[in-house]
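Visitor: Let me begin by handing over the structure; questions about it come next.
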Amino acid sequence: MGLLDKEFSEGNIVIAKVDDLFNWARLSSVWQLGFGLACCAIEMMATSAAHYDFDRFGVIPRNTPRQADAIIISGTVTLKMATRIKRLYEQMPDPKYIISMGSCANSGGPYWEHGYHVLKGVDRVIPVDVYVPGCPPRPEALFEGLLKLQEKIRNESMRKKTV
Amino acid sequence: MALKTERMVLNMGPQHPSTHGVLRLELEIEGELVTKVTPHIGYLHRCFEKHCEAMMYNQVVPYTDRMDYLASMYNNWGYALAVEKLCGIQVPERVEYIRVIMGELQRIASHAVAVGTFGLDIGAWTPFLYLFRDRERILTLFEMTCGARLLYNYIWVGGLSHDIHPDFVRMTREFLESFKPTVTEVNNLLSYNKIFIERTANIGVLPLDTAINYGCTGPTLRGSGLAYDLRRDDTYSIYNKFDFNVITGQGLQGTLGDTWDRYYVRVQEMLESVKIIEQALDQLPAEGDVQSAIPKRIKPPKGHVYTRVENPRGELGYFIISDGNTNPFRVKVRPPSFVHLEIMDDLTRGHLISDIMAILGSIDIVLGEVDR
Amino acid sequence: MKTREEIFEILKAQFPDAVLGIDASLPTEPLISIDPLKIKDICVFLRDSEELKFDSLMLLSGVDDANGTKTKDEQGHDVITGGTLSVYYHLDSVYLKHRVTLKVSAPRENPDVESVSYVWRSADWHEREAFDLLGINFLNHPNLIRILMPYDWEGYPLRKDYKNPEFYLGMKVN
């Protein structure tokens with residue numbers, strides 16, 4: 001925001017649009033559901049651990065969907081799991097965002113042809129906001145995905161939509 | 001007066017922060033005591049065996065990566081060994097050395113995750129960060145060798161996808177030197193921590209005869225006190241050239257075969273792997289083409305083969321049936337995690353709910369391998 | 001430590017009817033063929049015999065031999081009738097360090113094999129997996145239900161003539 005490096009005298013007022021203020025607050029603390037599916041989950045763990053440190057973007061894993069803003073679908077979604085993912089998504093409070101991480105969650109990945117038990121893309125059951133390609137994506141790619149999501153949140157509006 | 005409680009069924013998972021993936025445990029509990037645990041698996045069944053039947057022999061290698069995604073090198077290696085045995089391919093010595101180095105680095109990386117997340121499950125956050133810091137350095141070594149951090153597709157049938165980087169030997173030695181203090185750190189922070197011992201000693205005791213009857217291998221079996229290691233007892237590759245100890249549980253903090261023993265076997269095995277890598281780096285032949293033995297077209301004779309390697313979790317076996325075509329007729333994997341998950345019911349009976357996480361962490365399962 | 005041929009001789013002497021033969025022509029490992037309905041007795045013997053002591057079942061794998069007659073249905077999918085389904089047992093002796101591979105074959109239409117889950121407890125899940133993916137029916141198994149696929153799944157995916165359903169619970173499969 002560039003405010004903190006300026007010095008203020010007392011009693012200042014900052015005027016901002018409600019949209020901007022709320023969006024700024026929301027995009028800086030995207031709490032993700034602590035939820036790993038497959039190989040990509042290990043990269044997601046590496047992203048939150050030392051060296052990459054996902055915390056600095058305000059991403060903290062929460063262990064219950066009811067406190068989460070975003071869910072990172074990190075890995076292959078099988079048919080058996082798809083119904084559970086849908087339920088987890090429905091348990092999250094609005095507004096909620098989905099990052100589809102890795103080829104499997106995007107489109108079935110290497111299992112697209114003969115995978116009789118693999119859902120070919122998680123967007124067949126829940127709406128996806130950001131797709132991160134890679135098998136598995138590097139932590140940097142996941143950062144990029146998060147930055148894209150932040151961009152999306154920044155441009156949202158709370159104004160009532162006219163039909 | 002004994003407290004009377006009703007029996008209750010509780011679901012843990014498939015989304016649960018401590019189940020190490022998409023595992024669902026159906027618990028029957030009386031108060032806090034667990035009377036029965038039924039694991040439900042298959043949430044990550046990715047049809048590996050069906051894919052093998054549709055692919056050519058060399059195309060299967062990337063799929064093996066994705067089974068045990070914490071020890072991909074070993075999956076590649078086991079598969080490559082099986083096909084090499086089926087076709088009668090002899091690989092160059094330099095390739096064998098590089099495979100051993102990569103395999104043992106992978107073992108350290110895998111055990112680092114196992115030990116780190118085990119601490120995490122029990123509530124210790126710091127060892128996880130320390131071990132992941134060092135794991136990143138191993139991943140850097142892998143990355144400069146084959147370009148991938150997690151799923152390598154590195155060990156091919158008959159050779160390797162790339163030769164090692166000129167700086168690899170130097171950087172590996174530097175890493176090994178810096179890794180030894182980490183193990184001491186982990187011991188100080190976790191292994192001999194009073195709270196940790198209280199949570200793990202005498203919990204989930206696995207008697208040796210039960211372990212053998214269940215087909216347990218690897219650290220789970222060695223934690224129960226039997227020195228059985230395929231690297232020594234059914235030597236493959238060039239492991240007979242190295243001097244290393246087979247670590248077994250001693251029952252130092254409680255009963256032999258408890259959760260602490262299985263955990264501590266892993267911690268010590270990381271140091272044994274360091275020893276093996278140091279010897280392999282010393283003996284590594286300077287010259288040699290790592291791709292000279294890779295066949296242009298793999299078409300093994302009719303037959304079947306079962307080979308096994310000592311994966312960080314236990315015996316990883318590949319059973320391949322060939323009908324003389326360029327595709328395998330059937331590939332069946334023996335995943336150690338699948339076998340180990342079966343003992344959950346035995347281990348957890350009579351313990352508290354919070355102990356389940358400790359026990360599950362100590363058998364170190366990877367769901368990608370359980371479900372394939 | 002005994003070779004596979006020696007183990008075969010011991011078994012043949014003990015169970016002349018149930019042990020069908022040894023296939024040593026294969027380039028890799030000889031196979032001992034067993035009657036599918038007698039496999040349990042033989043496994044109990046293999047486990048308890050002092051000189052053999054096969055104390056763990058390393059791997060149990062179901063295989064579709066695809067040796068029946070192949071025809072095509074109206075949509076052009078393969079259909080196999082007749083032939084056999086097989087189960088391979090890889091046994092290991094942790095103490096004596098020898099290994100053996102057994103094979104049983106059961107007809108595809110009626111694949112009954114006796115369960116060995118009472119002999120080695122690891123067989124329980126392996127047999128459930130073979131049932132799940134290939135439809136091999138293990139007699140006297142304590143809990144023969146699907147393990148990897150959902151409980152309401154139809155068909156056995158690892159059979160060579162398996163045809164994928166178009167939808168599962170409203171989700172498109174292919």
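The values are calculated or read from the model by the stated rules, or taken from the named source; none is laboratory data. What you are looking at is a predicted structure, and each value in this text was computed from that prediction instead of being measured. In this analysis, Cβ positions are derived from the backbone assuming ideal geometry, glycine residues included, and neighbour counts consider all displayed protein chains. Calculation scope for accessible area: heavy atoms of the full protein, side chains included, ligands and nucleic acids excluded. Shrake-Rupley method; radii C 1.70, N 1.55, O 1.52, S 1.80 Å.
Visitor: Bin all alpha-carbon pair distances of the range A:64-109 at 10 Å intervals from 0 and give each bin's fraction as a whole percent.
Guide: Bin by bin from 0 Å, the calculated values are 29, 53, 18, 0.
Visitor: Separate question: Could you tell me the center-to-center distance, by alpha carbons, between the range B:307-372 and the range A:31-75 in angstrom?
Guide: 26
Visitor: Straight distance only, please: which aspartates and glutamates reach the Cα of A:Lys17 with their own Cα at less than 18 Å, same-chain residues fewer than 8 apart left out?
Guide: A:Glu151, A:Glu156
Visitor: Which of B:Lys241/B:Lys302; B:Lys332/C:Lys103; B:Lys296/C:Lys160; A:Lys80/C:Lys172; B:Lys50/C:Lys163 have a Cα-Cα distance over 21 Å?
Guide: Exceeds cut-off: B:Lys241/B:Lys302; B:Lys296/C:Lys160.
Visitor: Counting only heavy atoms of protein chains, what accessible area per residue, in Å², does chain A have with a probe of 1.4 Å?
Guide: So chain A comes to 52 Å² accessible per residue, rounded to a whole number.
Visitor: Using helices alone, I'd like the mean residue ellipticity at 222 nm for chain C: each DSSP H run of four-plus residues gives -39500 (n - 2.57), total over residue count, nearest 500.
Guide: -5500 deg cm²/dmol, from helical runs alone.
Visitor: Same structure, new question: May I ask for the distance between the Cα centers of the range B:12-83 and the range C:48-97, given as a whole number of Å?
Guide: 21
Visitor: With all protein chains present, how much of the accessible area of chain B (probe radius 1.4 Å) comes from carbon and sulfur, to the nearest whole percent?
Guide: Carbon with sulfur: 51 percent of the solvent-accessible area.
Visitor: Helix-derived [θ] at 222 nm for chain B: sum -39500 (n - 2.57) over DSSP H runs of at least 4, divide by residue count, nearest 500?
Guide: Value at 222 nm, helices only, nearest 500: -14000 deg cm²/dmol.
Visitor: Could you work out the equivalent-ellipsoid semi-axes for the range B:100-194, taking the square root of 5 times each eigenvalue of the Cα gyration tensor, largest first, in whole Å?
Guide: 28, 14, 10
Visitor: Distances over 24 Å make up what percent of all Cα-Cα pairs in the range A:1-144?
Guide: 37
Visitor: Could you estimate the translational diffusion coefficient of chain C from the Stokes-Einstein equation, with Rh from the Kirkwood formula over C-alpha pairs, at 25 °C and 0.890 mPa s, in whole µm²/s?
Guide: Estimated via Stokes-Einstein, D reaches 141 µm²/s.
Visitor: What is the spread of the Cα atoms of chain B along each of their three principal axes, largest first, in whole Å?
Guide: Extents along the principal axes: 75, 46, 33 Å.
Visitor: Largest first and in whole Å, give the semi-axes of the range B:1-81's equivalent ellipsoid, each being the square root of 5 times a Cα gyration tensor eigenvalue.
Guide: Each semi-axis is √(5λ); the values are 40, 12, 10 Å.
Visitor: Okay, moving on. Round to a whole angstrom and tell me the spacing of the C-alpha centers of the range B:101-134 and the range B:183-236.
Guide: Value for the Cα centre distance between the two parts: 16 Å.
Visitor: Over all distinct Cα pairs, what is the inverse of the mean 1/r for the protein assembly as shown, reported as the Kirkwood hydrodynamic radius in Å?
Guide: Final number for the Kirkwood radius of the protein assembly as shown is 26.8 Å.
Visitor: With the Cα gyration tensor of the range B:205-256 in hand, give its eigenvalues times 5 under a square root as the equivalent ellipsoid semi-axes, listed largest first in whole angstrom.
Guide: Semi-axes (√(5λ), whole Å): 23, 14, 5.
Visitor: Right, next: List every residue whose amide H lies under 5 Å from the amide H of B:Gly223, counting only residues 5 or more places away in sequence or on a different chain, with H placed 1.01 Å from N in the peptide plane.
Guide: Result for B:Gly223 returns B:Gly249.
Visitor: Related question: When the distances between all Cα atoms of the range C:85-174 are binned every 10 Å from zero, what whole-number percent does each bin get?
Guide: Taking all Cα pairs of the range C:85-174, the binned fractions are 15, 42, 28, 12, 3, 0 percent.
Visitor: When you have a sec, figure out the Kirkwood radius of the range B:280-372 from all distinct Cα pair distances and drop it here in Å to one decimal?
Guide: 16.9
Visitor: What FRET efficiency would be calculated for the residue pair B:Glu30, C:Val79, taking the C-beta separation as r and a Förster radius of 45 Å, to the nearest 0.05?
Guide: 0.30
Visitor: A follow-up question, please. If I compute solvent accessible area with a 1.4 Å probe over the protein chains, what percent of it on the range C:20-174 is carbon and sulfur?
Guide: For the range C:20-174, the apolar C and S fraction of the accessible surface comes to 49 percent.
Visitor: Say the dipole of the protein assembly as shown comes from +1 at the beta carbon of Lys and Arg and -1 at that of Asp and Glu; which of B:Ala124, B:Asn187, B:Leu151 then lies farthest toward its positive end?
Guide: Checking the options against the dipole of the protein assembly as shown, the answer is B:Leu151.
Visitor: Of all the accessible heavy-atom surface of chain A, with the other protein chains kept in place and a 1.4 Å probe, what percent is carbon and sulfur?
Guide: Within chain A, the accessible surface is 55 percent carbon and sulfur.
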